[in-house]
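All remarks here apply to the structure that follows.
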Amino acid sequence: MHILFLTDNFPPESNAPANRTYEHAVRWVRAGHKVTVVTCFPNFPSGKVFEGYKNRWYSKEQMDGIDVVRVKSYMTANERFLRRSLDYISFMITGSVAACFIRKPDVVVATSPQFFCGLAGMIVSALRRKPFVIEIRDIWPASIVALGVMKDSLVIRILERLEKLLYRRADSIVVVTHLFKDEISPSVLNLNKISVVLNGVNHDLFSPKPKPQQLIEQHALQGKFIVGYIGTHGLAHDLENVVAAIEQLQDREDIAFIFVGVGAMRDTIEELVDEKKLKQVRMIGQRPREQMPDYLALCDLSLIPLRDEPLFATVIPSKLFECMAMGLPVLMAVPKGEATSIVETTQCGETVVPSNPQQMAKSIAELADAPEHCQHLSQSALKAADHYSRDAAANKMLLVLEQTVEQYDSSSESAAI
């Protein structure tokens, strides 16, 4: 089977959509399938093309057996909605054109979190007369409204109609949480075409390892209980309240905090840390994907916050599974939902009310003072990680693609008779 996959994020970018697509695609190639990915030149989240690349109209490379076709797009930092929309729309156009020249695909797949990429997949599938599968990693445009980027308006209503059009035209829909399925079900006539494929973890990359002494010395973290936020510094991640929690722990010289990553809120968080003179904070910045296990191993506790918005109860942050595989306890501050249920059921960490700095600070202090409890959480996390492998997720999604192609071919044959 030849899988044609459209995504505007792909390695060497290291955000969750890029990692999921790559780790699924490489496993499909190992299973004997051909995979062609149509994507942009790497630029997320800074909006600046990565070293070694140039924003050209067309380029082709191979990455671990995957055919990667890169096309020109408008590039901007992951900050302003209108500019980001131009970025998305430009890829929708250039990606659609390039995908129409890919030879003999059997199925067209497009992934969110934004659905202009989905529209590209829908257009290509119609022109190529091939089945269309859309992968939903974020609920658009509801998440835009939840983040306060846009208020309910005519534009939002137009986007909602486009959202329903995508669901209606897709031959199959893959969502990454069970609550996503519940969220979109009212807009889907045939619920049988919705499949849930949870995120997972690459156990080859993420596994328990000793604390990296070089990083401890480099960042002056000797003898500290290290709390880390590792990931995109975005509008959804409620990092202002994390800083507020840290401010309440200024007298705890035995606790240190690291922020690893970049994003729309990075400069704001750095300014807050400087303004409040939070000396126990280390702002480390972006690091390559292959270094993430070292920074997770550096930590004694991982923070997983999201803003207190009902929509975020449907989200399962992918970093949860990476922490599990490392045996790293988590402190999750997200609305009560599927993610908090996983943490509470597996006992891989603690949960607190989101956007509540006082409760977060209290829990951090209590965990720092309870090494035996942290060790129990660590062991529970490792045990739970076995249930969330990237191999299983890739196999499940591959089965969805194969069944979609079979059903599409069967219906096409029936129509021809």
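The values are calculated or read from the model by the stated rules, or taken from the named source; none is laboratory data. No experiment lies behind these values; they were computed from the predicted model shown. For neighbour counting, all protein chains shown are included, and Cβ atoms are generated from backbone atoms with ideal geometry for every residue, glycine included.
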Find the residue count for segment 42-76, including only residues that are of a type in the set (D, E, K, R), surrounded by 15 or more Cβ atoms within 10 Å (Cβ to Cβ) and under 29 Å from His233 (Cα atoms).
-> 2
Of all strands (runs of 3 or more DSSP E) fully inside segment 161-252, the set with 1 or more residues that are at pLDDT 90 or above, over 26 Å from Cys374 (Cα atoms) and under 25 Å from the mean Cα position of the chain (by Cα) is 172-175, 194-196
Within segment 1-68, strands (runs of 3 or more DSSP E) holding 1 or more residues that are of a type outside the set (Phe, Trp, Tyr) and touching a Gly at 6+ places or on another chain (Cβ under 6 Å) | 2-6, 34-40
Determine whether Thr76 is touching a Ser or Thr at 6+ places or on another chain (Cβ under 9 Å) and at negative phi.
-> no
Unmet requirement for Glu322, which otherwise passes all of (1) closer than 30 Å to Lys48 by Cα; (2) of a type outside the set (Phe, Trp, Tyr); (3) over 18 Å from the mean Cα position of the chain (by Cα) = (3)
Residues satisfying the stated conditions in segment 340-359, i.e. of a type in the set (D, E, K, R) and in a strand (DSSP E or B) | Glu350
(1) assigned to a strand (DSSP E or B); (2) farther than 23 Å from Gln286 by Cβ all hold for Ser90 apart from (1)
From the list Lys383, Lys336, which one is on the phi < 0 side of the Ramachandran plot, assigned to a helix (DSSP H, G or I) and touching a residue at least 12 places away in the same chain (Cβ under 8 Å)?
-> Lys383
When you go through Ala394, Ala325 one by one, which is the residue that is touching a strand residue (DSSP E or B) at 6+ places or on another chain (Cβ under 8 Å) and in a helix (DSSP H, G or I)?
-> Ala325
